[in-house]
Amino acid sequence: MPDYYVSSIRQTDARSMKQVEDLLLAEGIRRDAHLDYTCGIFDNYRKLIATGSCFDNTMRCFAVSSNHRGEGLLNQIVTHLIEFQFGRGHSHLFVYTKYASADFFRDLGFYEIVRTDDDLVFMENTKTGFSSYLASLDKTRKDGTKIAAIVMNANPFSLGHQYLVSRASSENDVVHLFMVSDDCSLIPYAVRKKLILEGTSQFSNLIYHDTGSYLISNATFPSYFQKDDVSVICGHAHLDLFIFCKIAEKLGITARYVGEEPNSLVTGIYNQIMKEELPAHGISCVELPRLMAHEKAISASDVRLAIKTGDYALLKTLVPESTYRYFISEEASDVVNKIKNSEDVIHY
């Protein structure tokens, strides 16, 4: 058997990346648009015979040529990627794979979190990762006839977000408010969380949660943060909802509140899938009309645009007083500059 070795493939290496795409397609896999590292094994003729990639703390897009099965090439690829991930500080790793490959990853120390109806298994490299997360949520479980949930990025927290929380709070005994904690947004999570807590302090029946890696994160739902096509958005949304339903079961959640989404493709698709799927799990999807300002639905995109253009008079009409105070303070200068220097502040 030839002595093959794993080499990195630069995204700018058009010839090799074309081989990656072709090999993946031959195995029925489309190359992910969001990869930050790719590696491969080439034969003596520089033909790619195995490949795998990473994006943030996930590993994905694995393929081995059908002519080289049983040679241990996938094992080499995965071992290389794990070492690469550890080298850049990612110790908690996630894998997307097909049903048929799940046993292989189990043998390498990965454990199943969920599997979706479209042949996808989502796994992590720690036995108690998701179960520990669920156990931590169980400590916050409260009794009540009506228990609802909101999952909120709040980039940043606006009057629209506050209205959504107000309605859920007034219509339920308990509301579990999940704050998207991945730092992939223009506004850092520490700031987003601070503004959520300040803007909802008047509601006494809220329980706050960090989402970690299990809800709307780069692990489960990268297309929330980056542009992708509809089929990929749908796949990520299905995966995220499978996880949410497990969380809802643990906390006794029977309703999820969302705002209508007239502008964002990603959120609009996600809302539609929620309305179709959540009732099958005993969870109602309560979609509320957006709060209006200046004859337009309030959106976080418009808030960011007001900050980018320095229109603080408009900003004051779109956000709670606590959010407004933050953005006119010296404390916010770095965040404001980041928004002003961003080419695109509109959520896709």
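Values computed for the structure shown
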quantity	calculated
Any hit, the stretch 190-201, residues being crowded, with 22+ Cβ neighbours inside 10 Å, at pLDDT below 85 and not small (Gly, Ala, Ser)	no
Single residue of the stretch 263-283 satisfying the filter (out of contact with any helix residue (DSSP H, G or I) (no Cβ under 7 Å at 6 or more places or on another chain) and surrounded by fewer than 17 Cβ atoms within 10 Å (Cβ to Cβ)) that is farthest from Ile233 (Cα to Cα)	Gly282
Per-region count, the stretch 65-81, residues over 14 Å from Ser8 (Cα atoms) and surrounded by fewer than 21 Cβ atoms within 10 Å (Cβ to Cβ)	9
Matching residues in the stretch 317-333 - criterion: being open to solvent by 20 Å² or more (accessible area, probe 1.4 Å) and within 18 Å of Val191 (Cα to Cα)	Glu321, Tyr324, Arg325, Ile328, Ser329, Glu330, Glu331, Ser333
Number of the condition not met by Asp117 [criteria: (1) modelled with pLDDT of 95 or more; (2) in contact with a helix residue (DSSP H, G or I) (Cβ under 8 Å, 6 or more places away or on another chain); (3) surrounded by fewer than 16 Cβ atoms within 10 Å (Cβ to Cβ)]	(1)
Number of the exception - Arg60 against (1) surrounded by fewer than 18 Cβ atoms within 10 Å (Cβ to Cβ); (2) part of a strand (DSSP E or B); (3) among the charged types (D, E, K, R)	(1)
Residues of the stretch 161-183 satisfying the condition of being open to solvent by less than 30 Å² (accessible area, probe 1.4 Å) and at pLDDT 95 or above	Leu164, Val165, Ala168, Ser169, Asn172, Val174, Val175, His176, Leu177, Phe178, Met179
Helices (runs of 4 or more DSSP H) contained entirely in the stretch 237-336, each with at least 3 residues that are under 23 Å from Thr200 (Cα atoms)	300-309, 312-318, 321-327
Scope the stretch 3-34; condition over 28 Å from the mean Cα position of the chain (by Cα) and closer than 22 Å to Glu83 by Cβ; matching residues	Asp3, Tyr4, Tyr5, Val6, Ser7, Asp13, Ser16
Single unsatisfied condition, Asn271 versus (1) modelled with pLDDT of 95 or more; (2) within 23 Å of the chain's Cα centre (by Cα)	(1)
Among (1) within 19 Å of His161 (Cβ to Cβ); (2) out of contact with any strand residue (DSSP E or B) (no Cβ under 8 Å at 6 or more places or on another chain), the one test that Thr309 misses	(1)
Candidate set: the stretch 177-221, residues that are under 22 Å from Lys316 (Cα atoms) and assigned to a loop (DSSP other than H, G, I, E, B); chosen: the one nearest to the chain's Cα centre (by Cα)	Ser185
Elements of type helices (runs of 4 or more DSSP H) in the stretch 64-176, at least 2 residues being under 23 Å from Ile247 (Cα atoms), in contact (Cβ under 8 Å) with a residue 60 or more places away in the chain and within 19 Å of the chain's Cα centre (by Cα)	129-138
Among the candidates Ser101, Ser53, Ser91, residue that is of a type in the set (S, T, N, Q), open to solvent by 20 Å² or more (accessible area, probe 1.4 Å) and within 23 Å of Asp119 (Cα to Cα)	Ser101
Leu186 vs. criteria open to solvent by less than 20 Å² (accessible area, probe 1.4 Å) and touching a residue at least 60 places away in the same chain (Cβ under 8 Å)	no
Checklist (1) acidic (Asp, Glu); (2) in a helix (DSSP H, G or I); (3) under 15 Å from Gln11 (Cα atoms) applied to Asp32, failing item	(2)
Any chance Ser8 is open to solvent by 30 Å² or more (accessible area, probe 1.4 Å), out of contact with any helix residue (DSSP H, G or I) (no Cβ under 7 Å at 6 or more places or on another chain), assigned to a strand (DSSP E or B) and within 28 Å of Thr220 (Cβ to Cβ)	yes
Residue identified as under 25 Å from Ser169 (Cα atoms) and either surrounded by fewer than 18 Cβ atoms within 10 Å (Cβ to Cβ) or not hydroxyl-bearing (Ser, Thr, Tyr) (or both) among Val345, Val336, Val303	Val303
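The values are calculated or read from the model by the stated rules, or taken from the named source; none is laboratory data. Keep in mind the model is a prediction, meaning the values are calculated, not measured. Every residue, glycine among them, receives a Cβ derived from its backbone with ideal geometry; neighbour counts consider all protein chains shown. Heads up: the accessible areas ignore ligands, DNA and RNA and are worked out on the full protein's heavy atoms, side chains in. Shrake-Rupley method; radii C 1.70, N 1.55, O 1.52, S 1.80 Å.
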